[in-house]
Amino acid sequence: MSLLTDLVNLNLSDCTDKIIAEYIWIGGSGMDLRSKARTLSGPVSDPSKLPKWNYDGSSTGQAPGEDSEVILYPQAIFKDPFRRGNNILVMCDAYTPAGEPIPTNKRCNAAKIFSHPDVAAEEPWYGIEQEYTLLQKDVKWPIGWPLGGYPGPQGPYYCGVGVDKAYGRDIVDSHYKACLYAGINISGINGEVMPGQWEFQVGPAVGISAGDELWVARYILERITETAGVVLSFDPKPIQGDWNGAGAHTNYSTKSMRSDGGYEVIKKAIEKLGLRHKEHIAAYGEGNERRLTGRHETADINTFLWGVANRGASIRVGRDTEKAGKGYFEDRRPASNMDPYVVTSMIAETTILWKP
């Protein structure tokens with residue numbers, strides 16, 4: 001094994017200018033991540049300087065067999081924490097050979113919204129709280145849980161410390177450092193209310209970069225759990241019963257909200273979100289009805305309600321924002337399996353562009 005480890009950790013810059021670029025894209029389910037690597041002649045830091053590539057869309061559920069070629073457009077570059085050196089991870093979106101975005105490409109529409117002059121002028125900031133659950137490989141049951149059984153009830157696990165409370169911290173810490181290495185603006189991690197469940201936060205990130213960074217952070221976590229022999233789940237309610245679900249709370253502010261008098265802008269934005277509640281819920285992740293029950297720190301899926309410091313609301317405003325009269329709010333509705341391109345752009349569209 002030591003020889004294999006030595007080869008995996010070879011520093012290519014000692015002997016060649018060539019680098020490895022890992023192209024990443026979203027597969028046919030809209031949630032599965034795919035990637036493949038290619039050799040480039042030297043370091044690249046601008047995505048527009050990277051070559052387009054293609055893949056077999058019939059093998060990812062994204063194209064028919066008789067016309068299977070899908071084209072990858074490089075959109076964002078990150079340092080590769082696995083190969084290191086000058087090697088890179090490349091977040092791509094996918095198009096037909098004619099240049100049309102394929103149905104699972106949600107980035108293209110999001111980029112249009114974020115490039116709208118009215119949205120760009122508001123400099124929308126996002127902070128996304130990505131919850132996830134670590135499962136045992138062969139039984140798909142949370143790590144640290146007795147096989148076929150349950151641990152003690154919720155209470156000691158949230159931000160807990162100790163072998164009987166925190167399961168999988170080595171994976172979580174590895175991911176934290178790998179994201180910082182990659183250049184992702186990961187801002188923290190914590191253990192969650194259900195044992196075996198964790199959260200990381202990405203942000204503040206501006207506009208389309210929030211989606212790029214969250215998807216690549218998910219990719220890095222998938223790769224780390226692959227190495228650790230653990231299954232990563234973004235299911236919004238992985239265990240039925242009296243256990244918390246998994247969400248992707250999305251914190252949001254605009255330039256107007258962050259400026260003096262911003263609290264009034266926030267209240268108007270929340271009012272608009274309430275008027276489009278059904279449309280947002282429909283786009284906020286599959287299986288969310290199993291999570292948004294009105295229990296376990298959620299509002300009922302059919303009810304829109306906001307409040308200050310209320311974790312049972314659809315939208316929560318922090319005490320600091322209320323006190324300062326400006327700041328941000330938190331949309332608590334998105335599920336852990338949401339597409340950040342969809343959620344971030346939809347919040348911007350509704351609060352900035354949409355006219356009731």
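Structure notes:
- Accessible surface of the chain, 1.4 Å probe, proportion on carbon and sulfur as whole %: 52
- Charge dipole magnitude, Cβ of K and R +1, D and E -1 - the stretch 204-249, Cα centre, debye nearest 20: 20
- Theoretical gain in end-to-end length, Asn109 to Glu66 [0.36 nm per residue, Cα-Cα removed]: 12.8 nm
- Within the stretch 117-145, backbone nitrogen closer than 12 Å to the virtual label 7 Å beyond the Cα of Val206 toward Cβ: 120-126
- Mean-square fluctuations from a GNM of the chain, with a 10 angstrom spring cutoff on Cα atoms, peak among Asn337, Asn54, Asn251 at Asn54.
- In terms of overall dimensions, the stretch 115-351 has a Cα radius of gyration and Dmax of 17.7, 55 angstrom.
- Average accessible area per residue (Å²) across the stretch 110-217 - probe 1.4 Å, nucleic acids and ligands excluded: 42
- For the chain, the relative contact order works out to 16 percent when only alpha carbon pairs closer than 8 Å and six or more residues apart are counted.
- Residues whose amide H lies under 5 Å from that of Trp243, counting only those 5 or more places away or on a different chain, are absent; hydrogens are built 1.01 Å from N in the peptide plane.
- Shape category assigned to the stretch 197-297 from the gyration tensor of Cα positions, a/c cut at 1.5: oblate
- Annotation: amide H-H contacts under 5 Å for Asp32 (H modelled 1.01 Å from N, sequence separation of 5 or more, or interchain): Gly27.
- Helix-only CD estimate at 222 nm, as mean residue ellipticity for the chain, using -39500 (n - 2.57) per DSSP H run (n ≥ 4): -8000 deg cm²/dmol
- In a simple Cβ point-charge model (Lys, Arg +1; Asp, Glu -1; nothing else charged), the chain has a dipole of about 560 debye relative to its Cα centre.
- Table column - 3J(HN,Hα) (Hz), the stretch 85-95, Karplus curve with 6.51, -1.76, 1.60, x for Gly and Pro: x, 8, 6, 9, 9, 10, 7, 10, 10, 10, 9
- For the chain, a Gaussian network of Cα nodes joined below 10 Å ranks Pro124, Pro81, Pro151 by mean-square fluctuation, and the top entry is Pro151.
- Residues in the stretch 2-103 average 54 Å² of solvent-accessible surface per residue, probe 1.4 Å, ligands and nucleic acids excluded.
- Projecting label points 7 angstrom from Cα along Cα→Cβ for Ser187 and Arg319 puts them 1.9 nm apart.
- The alpha-carbon of Lys52 sits under 17 angstrom from the alpha-carbons of these lysines, leaving out residues fewer than 8 places away in its chain: Lys36.
- Ignoring lysines fewer than eight residues from Lys255 along the same chain, the ones with Cα atoms less than 23 angstrom from its Cα are Lys112, Lys267, Lys268, Lys272, Lys323, Lys326, Lys355.
- Less than 5 angstrom separates the built amide H of Asp93 from those of Tyr73, Gln75, all sequence-distant by 5 or more or on a different chain.
- Value of relative contact order over the stretch 220-356, rounded to a whole percent, pairs C-alpha under 8 Å and six or more apart: 31
- Largest accessible area first, the residues Ile301, Ile220 order themselves as Ile301, Ile220 under a 1.4 Å probe with ligands, DNA and RNA left out.
- Per-pair calculated FRET efficiency, R0 = 35 Å: Leu3 and Ser45 via Cβ, rounded to 0.05: 0.60
- Remark: accessible surface ordering of Cys159, Cys179, Cys15 (largest first) is Cys15, Cys159, Cys179, probe radius 1.4 Å.
- Most mobile of Glu222, Glu264, Glu22 in a GNM of the chain (Cα contacts under 10 Å): Glu264
The values are calculated or read from the model by the stated rules, or taken from the named source; none is laboratory data. Computed from a prediction, not measured in an experiment: that's the story for all the values here. A quick note on method: Cβ atoms are made from the backbone with ideal geometry, for glycine too, and the neighbour counts reach across all protein chains shown. For accessibility, only protein heavy atoms count, side chains too; no ligands or nucleic acids. Shrake-Rupley method; radii C 1.70, N 1.55, O 1.52, S 1.80 Å.
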